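Before any comments, here is the structure.
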Amino acid sequence: MERKDHWEKVHQTKSPTEVSWYEPTPEKSLELITKAGISHEQQIIDVGGGASTLVDCLLAEGYGNVTVLDISATAIATAQERLGNKASVAKWLVADITTAPLAPQSYDLWHDRAVFHFLTNANDRRRYIELVNHALKPGGHIIVATFAPDGPTKCSGLEVNRYAPDELHSEFGENFRLVHSEHEQHHTPFGTEQSFIYCYCIKKT
């Protein structure tokens, strides 16, 4: 099954609260975005944001330039319906992050919770990182969360990669300076736990 078809099926058959990665409030992501210290006018992209509530929280806190990218049109439609009239404040892009048509040096902060660990193919990871380098401004911030070494080996029926902070940072290379990393035990809607790591880096050039 193609990657897009897989994720459309997931979002067509499950509500946002029925997937393992659901968070009522994405507290860790919001904490790290605040730590980055960007202004409310600067550009944020939430990669794989789909039906996540992060966009709701960012708009509520006054961030006025938020782009939500997801491979699933269904997931994005769910978020837009939930936001109602507020959805027009955000920008929405249905695309595969390995091939997304992003403008050069257009974002001040790149956020990705639980997309990168699905890229088990080395070429997909290379294209993703090339796109980060292309689309993130010099001095821009990037926050990426993946399963930790003791996290799940599969999610939504797909194999995943697991990372320690130094391993994740090394994927992105010397053009990114690791500022902060931390561990999180995510409590799923099913009463189980998933081990995540978050890495916050700054792009050098």
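Summary of computed values
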item: Top-ranked residue of the stretch 13-59 - restricted to ones that are within 17 Å of Ser106 (Cβ to Cβ) and small (Gly, Ala, Ser), ranked as nearest to the chain's Cα centre (by Cα); result: Gly49
item: Residue that is crowded, with 20+ Cβ neighbours inside 10 Å, touching a helix residue (DSSP H, G or I) at 6+ places or on another chain (Cβ under 7 Å), in contact (Cβ under 8 Å) with a residue 24 or more places away in the chain and under 21 Å from Leu59 (Cβ atoms), where the choices are Tyr107, Tyr128; result: Tyr107
item: Yes/no for Tyr107 being of a type in the set (Phe, Trp, Tyr) and out of contact with any strand residue (DSSP E or B) (no Cβ under 7 Å at 6 or more places or on another chain); result: no
item: Conditions (1) in contact with a Leu (Cβ under 9 Å, 6 or more places away or on another chain); (2) assigned to a loop (DSSP other than H, G, I, E, B); number of the one not met by Glu41; result: (1)
item: Leading residue by the ranking (nearest to the chain's Cα centre (by Cα)) among those in the stretch 60-71 that are among the hydrophobic types (A, V, I, L, M, F, W, C) and either in a loop (DSSP other than H, G, I, E, B) or farther than 15 Å from Lys91 by Cβ (or both); result: Ile71
item: Test: residue in the stretch 28-41 that is surrounded by fewer than 18 Cβ atoms within 10 Å (Cβ to Cβ), in contact with a Cys (Cβ under 9 Å, 6 or more places away or on another chain) and small (Gly, Ala, Ser); result: no
item: Among residues of the stretch 66-104, those that are touching a residue at least 12 places away in the same chain (Cβ under 8 Å), out of contact with any Lys or Arg (no Cβ under 6 Å at 6 or more places or on another chain) and surrounded by fewer than 20 Cβ atoms within 10 Å (Cβ to Cβ), counted; result: 18
item: Enumeration of residues in the stretch 110-125 that are free of Cβ contacts under 8 Å to residues at least 24 places away in the same chain and within 17 Å of Thr53 (Cα to Cα); result: none
item: Near pairs, Cβ below 8 angstrom, 6+ apart or cross-chain, from the stretch 145-156 (more than 23 Å from Glu31 (Cβ to Cβ) and free of Cβ contacts under 8 Å to residues at least 24 places away in the same chain) to any residue that is of a type in the set (A, V, I, L, M, F, W, C) and in a loop (DSSP other than H, G, I, E, B); result: Thr153/Val160; Lys154/Val160
item: Index of the failed condition, Gly151 passing every other in (1) buried (at least 17 other Cβ atoms within 10 Å of the Cβ); (2) within 25 Å of Lys203 (Cα to Cα); result: (2)
item: Residues that are polar (S, T, N, Q) and surrounded by 13 or more Cβ atoms within 10 Å (Cβ to Cβ), drawn from the stretch 163-205; result: Ser170, Asn175, Ser181, Thr188, Gln194, Ser195
item: When residues of the stretch 116-137 are limited to those that are out of contact with any Leu (no Cβ under 9 Å at 6 or more places or on another chain) and of a type in the set (Val, Ile, Thr), the one nearest to Gln42 (Cα to Cα); result: Val132
item: Flag if Leu32 is in a helix (DSSP H, G or I), among the aliphatic types (A, V, I, L, M) and under 27 Å from Glu193 (Cβ atoms); result: yes
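Every number here is computed from the coordinates shown, using simple stated rules; none is lab data. Note that the structure is a prediction, hence the values are computed from the model and not measured. So basically every Cβ, Gly included, is an ideal-geometry build from the backbone, and we count neighbours across all protein chains shown.
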